[in-house]
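For reference, the structure is listed below as structure tokens.
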Amino acid sequence: MMFLQYAIWGSWTTALGAHLVKLGFAGSEIAAIYGCLWLGCIIAPFVGGQIADRLMQTQIFLGAAHLVGGVLLYFTAIQNEFGPMWTWMFIYCLFYAPTLALTNSICFRNLKNAEVEFGKIRMWGTIGWIAVGWMVTFMRSQWHTENWTGGSDLLMFAAVTSIIMGVFCFTLPKTPPVASQNNPLAFLEALSLLKDRNFLIFMMASFVVTTELQFYYIPTAPFLLDMGAEEAWLTAIKTVAQIAEVVVLLFLLHVSIQKLGIRLTMVIGILAWPIRYFLFMVPNLPVIIGSLTLHGFGYAFFFVTSQIYVNMKASDDMRASAQAMLTFFTLGVGNYLGTLFTGYIWDTFKLADGSTVWWKFFLVPGVLCTVMAFIFLLFFKDDHQATAAELESV
């Protein structure tokens, strides 16, 4: 389930930007297409979660959402104009976004020892993302589907994967609704944590860093093309980041938290992003590809550690709400505003011939993340030690 869930997403998001550039879309338009998913993540808790909690079995909802999603991806794939493509993508994301939380939910409902087992199950999502990158590369290198003029081969691949996932979901364990009374605005209950200065600084850092991540996710495919990469190999090249993520999660994160503590681990995570952006300014393809490994440190050392920190700070009756608040302000609002900001900066540094001054483009997130890292280091003083159980749950 996790393999297919993230294979759908990974099959299009890593290299769709290059296709949209070929269609002549402006940076703000490309950002708007990518922003559809984050809009979906903002809306999802109010729709999908409530339906699955109250009206139907989770596996039925997942199957229906992915089958409909496959059809919507097909219609998105064949569009060549911004307006229709954005509309179809937005409708698709309204179906896909709730499934991100519900695949987690179905695990927690059915695993006997979810806290220990979930991390190993979720890892298959990253493996799916990596595997599909190489599948797309094989497809493109063998049949040159990137040259298809009828639409996007990536979105068509995602549509087929979504149909497979939809059919598979009906074989998942029956998970009936539990008539949950959870409030979709439950994260508001955790706002009291912001009275703690350290927690407030942490949330501000999380928000700012998340907005700057879109400078990597959205334009890296066309950037790699400009640096001399072959289009057929884009998705495979970008799997370097996910492979590094797996290595850091498995072998380095626990050691860093135990030896350096939560605070310094998160500082290193924040700094990993601007170092990568500064390396992107070096006009050398091997250096740029090598810098993709910093994604593993940025993601694991900051975002995974952030979840551990929130779990430590919140009381037992508030932990779910605190995690929901973090997700809303980062995965939802932070990512969405970040896409709009990325599109604006992209258009700002585009020349009349359509080319981009990449070193100026990447200087913006590089400087902002560096400043945020030093602010965090200077003013964030909380450094509780994570327990063995909290580390085990990663």
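Meeting the requirement of 2 or more residues that are of a type in the set (Ser, Thr, Tyr), touching a helix residue (DSSP H, G or I) at 6+ places or on another chain (Cβ under 9 Å) and within 30 Å of Leu111 (Cα to Cα), the helices (runs of 4 or more DSSP H) wholly within the stretch 1-64 are 2-13.
Note on the stretch 344-388: residues that are assigned to a helix (DSSP H, G or I) and more than 23 Å from Leu213 (Cβ to Cβ) total 1. Exactly one residue among Gly40, Gly35 is touching a Cys at 6+ places or on another chain (Cβ under 8 Å) and either surrounded by 24 or more Cβ atoms within 10 Å (Cβ to Cβ) or closer than 29 Å to Pro173 by Cβ (or both), and that residue is Gly40. When residues in the stretch 121-153 are screened for being out of contact with any Lys or Arg (no Cβ under 9 Å at 6 or more places or on another chain), in a helix (DSSP H, G or I) and touching a residue at least 24 places away in the same chain (Cβ under 8 Å), 18 of them pass.
Counting the residues of the stretch 290-307 that are over 30 Å from Ala320 (Cβ atoms) and either part of a loop (DSSP other than H, G, I, E, B) or among the aromatic types (Phe, Trp, Tyr) (or both) gives 2. If the condition is being loosely packed, with under 15 Cβ neighbours inside 10 Å and assigned to a helix (DSSP H, G or I), then the stretch 315-332 contributes Asp316, Asp317. Tell me, please, whether a residue that is over 26 Å from Ile237 (Cβ atoms) and surrounded by fewer than 16 Cβ atoms within 10 Å (Cβ to Cβ) can be found in the stretch 347-366. Checked the stretch 347-366: at least one residue is over 26 Å from Ile237 (Cβ atoms) and surrounded by fewer than 16 Cβ atoms within 10 Å (Cβ to Cβ).
For the residues Thr339, Thr305, the requirement of being at pLDDT 95 or above and among the β-branched types (Val, Ile, Thr) singles out Thr339. Of all residues in the stretch 101-154, exactly one satisfies the criterion of being surrounded by fewer than 16 Cβ atoms within 10 Å (Cβ to Cβ) and at positive phi, namely His144. The combined condition, being over 30 Å from Ile375 (Cβ atoms), of a type in the set (S, T, N, Q) and assigned to a loop (DSSP other than H, G, I, E, B), is not fulfilled by Thr161. Only one of the numbered conditions (1) at pLDDT below 95; (2) under 21 Å from the mean Cα position of the chain (by Cα) is not met by Thr149, and that is (2). Pairs are defined by a Cβ separation below 7 Å, a sequence spacing of at least 6 or placement on different chains, a first member in the stretch 339-358 that is among the hydrophobic types (A, V, I, L, M, F, W, C), and a second member that is assigned to a strand (DSSP E or B); the pairs so defined are Trp346/Thr356; Phe349/Thr356.
The values are calculated or read from the model by the stated rules, or taken from the named source; none is laboratory data. None of these values were measured; they are calculated from a predicted model. No Cβ is skipped: glycine too gets one built from the backbone with ideal geometry, and neighbour counts run over all protein chains shown.
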